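Okay, so here's the structure we're looking at.
Please treat every number below as a calculation from the coordinates, not as lab data. Keep in mind it's a predicted model, so treat the numbers as computed, not measured. Don't worry about glycine lacking a Cβ; one is built from the backbone with ideal geometry, like all the others, and counts go over all protein chains shown.
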Amino acid sequence: MNRPIQTTPPAAPVSILADSRLAFIGGGNMASAIIGGLIQRGLPAARIDIVEPHAPQRDKLASQFGDVRLHEAPNPALAGSDLVVWAVKPQTFKEAALACAAHTGSALHLSVAAGIRTGSMRAWLGNGRLVRAMPNTPALVGLGMTGLYAGAGVTPEDRRLVEAVVGTTGRFLWLPQEADLDAVTALSGSGPAYVFYFLEAMRRAGTEMGLDADTALQLAIGTFVGAAHLAQDASEPPEVLRERVTSKGGTTYAALTAMNSAGVADAFVAAMHAAQRRARELGDEFGA
């Protein structure tokens with residue numbers, strides 16, 4: 001069975017970036033997270049181009065990152081880019097790609113757009129050096145989890161460049177099949193929202209049991225953070241960790257029995273299948 005190759009991010013300024021010029025198509029939150037990480041690792045802001053059509057966002061990027069080169073629309077200034085990062089919404093990807101294709105034909109392309117497949121990207125960009133990424137929002141604080149898939153035209157050196165860029169936002173892993181990215185989207189791409197959903201529920205429960213909302217939320221957040229670290233460092237699977245803190249007849253047992261009776265686990269799994277289906281639909285809908 002093919003297994004993903006897990007990788008940890010580089011720990012120091014990455015030499016492969018030293019002479020690279022990067023272009024970002026779209027300057028929203030995910031692009032900002034990557035750009036901030038790159039600058040922090042030592043890439044000069046002046047080596048980064050950003051195409052952002054919305055003037056208020058361009059002003060924000062200029063204030064945040066200083067010497068980055070900002071553009072309202074694609075233009076020949078992008079022609080010297082070694083890597084183009086696609087941080088646009090799936091529904092606008094095709095239009096943006098067709099507008100950029102004349103200027104970025106020789107570059108390596110890295111897409112963080114959900115659903116848009118390499119076949120569609122290749123048709124629009126006329127380029128086979130394509131990597132798809134599915135990051136998540138903890139990238140904004142350097143704790144992201146990103147799934148990566150490399151198209152057939154991607155070289156080992158291209159992979160190292162992508163790793164250097166994505167590694168500024170947290171951890172990543174390479175996937176053997178492009179279709180796996182739909183599952184990554186459902187599991188980790190959308191995953192932070194699931195955590196926030198449970199934090200909301202825990203805060204509500206805390207207030208119903210007499211705690212103030214801030215106290216309940218801080219207890220919930222601290223529990224998630226600690227449990228996640230424990231799971232990350234443990235050699236045992238989650239079910240073993242769960243069993244260790246579940247004494248039959250105890251409080252945790254009572255809570256888990258209530259959740260099992262309500263079908264929480266099955267509903268949670270069904271929700272992620274729904275997210276996976278929607279990821280496939282995005283590719284079908286906007287990849288033509």
Exercise. Between rounded, prolate and oblate, where does region 77-136 land on the alpha carbon gyration tensor, with a ≥ b ≥ c its root eigenvalues, rounded for a/c under 1.5, else prolate if a/b exceeds b/c?
Worked result: prolate
Exercise. Relative to a virtual label point 7 Å from the Cα of ALA152 in the Cα→beta-carbon direction, which members of region 179-198 show backbone nitrogen distances below 20 Å?
Worked result: 179-181
Seminar exercise, completed: Rg from C-alpha atoms of the chain, normalised by the globular rule of thumb 2.2 N^0.38 Å, equals 1.12
For this session: Can you bin region 208-281 into rounded, prolate or oblate? Criterion: square roots of the alpha carbon gyration tensor eigenvalues sorted a ≥ b ≥ c, rounded for a/c under 1.5, prolate for a/b above b/c, oblate for the rest.
Result: rounded
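Taking R0 as 51 Å, what's the FRET efficiency between ASN260 and ARG159 from their Cβ-Cβ distance, rounded to 0.05?
0.75
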Exercise. Along the charge dipole of region 15-163, Cβ charges K/R +1 and D/E -1, which of LEU61, PRO135, GLY26 sits furthest on the positive end?
Worked result: PRO135
Exercise. Mind ordering 126-136, 141-151, 256-266 by average Cβ neighbours within 10 Å, highest first?
Worked result: 126-136, 141-151, 256-266
Exercise. What angle, in degrees between 0 and 90 and rounded to the nearest 10, separates the Cα long axis of helix 90-100 from the longest principal axis of the Cα atoms of the chain?
Worked result: 20 degrees
Exercise. What share of Cα pairs, in percent, lie more than 17 angstrom apart in region 19-105?
Worked result: 40 percent
For this session: On a 0 to 90° scale, report how tilted helix 213-233 is relative to the longest principal axis of the chain, with both axes built from alpha carbons and the result rounded to the nearest 10.
Result: 70 degrees
Seminar exercise, completed: Per the C-alpha gyration tensor (a ≥ b ≥ c, the square roots of its eigenvalues), region 115-183 is rounded if a/c is under 1.5, else prolate if a/b beats b/c, else oblate; here it's prolate
Seminar exercise, completed: Here FRET efficiency (C-beta to C-beta, TYR197 to GLN40, R₀ 30 Å, nearest 0.05) is 0.45
Exercise. What angle do you read, to the nearest 10 degrees and between 0 and 90, between the alpha-carbon axis of helix 264-286 and the longest principal axis of the chain?
Worked result: 20 degrees
For this session: Normalise the Cα radius of gyration of region 5-176 by 2.2 N^0.38 Å (N = residues in it) and let me know the number.
Result: 0.93
For this session: Could you calculate the FRET efficiency of GLU236 with SER15 from 1/(1 + (r/R0)^6), where r is the beta carbon distance between them and R0 is 45 Å, rounded to 0.05?
Result: 0.75
For this session: Before anything else, pin down the relative contact order of the chain: Cα pairs under 8 Å, at least 6 apart, normalised by residue count, whole percent.
Result: 19 percent
